[in-house]
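Taking it in order: structure first as structure tokens, then the write-up.
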Amino acid sequence: MTKTAMLAAAPALNAEEAQALAQAVGAAMFDSDPASQGLGMTIDAIAPGHARMSMPVRADMLNGHGSCHGGFIFTLADSAFAFACNSHNLTTVGAGCTIDYLAPARLHDVLTADATEQALAGKSGVYDVKVTNQDGRTVALFRGKSHRVSGHILPQHAE
């Protein structure tokens, strides 16, 4: 059994194992995520209940005002949310979210979405995502509610 398979099968993980599992889950999800890849996103950090992703603002992401279209900012925040809430290797989907746009993002900005688990109870979770530019200016605040469904990102193996 591979280390990843053992981690996925473990009923209770220590901090090091939980971190390794979060990284393996993140890598597996990103490998099968053409939307995030196609927008130039990268995973900068991942841990249990946390993910940080970045995305450069390209010319084809600009709206009629010359700023980044809100849909692209939302997509970055939503992707970070997805990676954070699936980091426990329990298949989880978004149940609802809100976003507040606070400042424009411009061509060549590098946006970073930092998603953090605020609460996890039963099958429900709440995650906050802060989107900033390369200067640390807050561009948007996103709150996502998650719902765990059946299954795992990485396969579970019996011992």
Check your understanding: Projected area of segment 42-146, taken from the Cα convex hull and averaged over every viewing direction, in nm²?
Key -> 6.2 nm²
Review point. Nearest 10 degrees, 0 to 90: what angle lies between the long axis of helix 70-85 and the longest principal axis of the chain (Cα atoms)?
Key: 20 degrees
Check your understanding: What FRET efficiency, computed as 1/(1 + (r/R0)^6) with R0 = 25 Å and r the Cβ-Cβ distance, is obtained for A27 and A121, rounded to the nearest 0.05?
Key -> 0.35
Review point. Peptides 116-126, 144-154: what's the order by average Cβ count within 10 Å, highest mean first?
Key: 144-154, 116-126
**Study point:** Longest to shortest principal axis, alpha-carbon extents of segment 5-77, angstrom
**Key:** 51, 19, 15
Review point. Dividing the Cα convex hull volume of segment 61-102 by residue count, how many Å³ per residue is that?
Key: 76 Å³
Point to revise | Helix axis angle, 15-31 relative to the chain longest principal axis, alpha carbon, degrees | key: 60 degrees
Study note, to complete from the structure: If unit charges are put on Cβ atoms (+1 for Lys and Arg, -1 for Asp and Glu) and the dipole of segment 18-159 is taken about its Cα centre, the option from L39, G66, L141 lying farthest towards the positive end turns out to be L141
**Study point:** Residues with amide H under 5 Å from that of I153, placed H, sequence gap 5 or more
**Key:** L90, T91
Review point. Using alpha-carbon pairs under 8 Å, 6+ residues apart, how would you state the relative contact order of the chain in percent?
Key: 25 percent
Revision key, fill the gap. Contour minus Cα-Cα span, H108 to Q134, at 0.36 nm per residue, comes to 8.4 nm
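Just so you know, all these numbers are worked out from the coordinates, no wet-lab data involved. Remember, predicted model here, so these are calculated numbers, not experimental data. Glycine also receives a Cβ, built like all others from the backbone with ideal geometry; neighbour counts cover every protein chain displayed.
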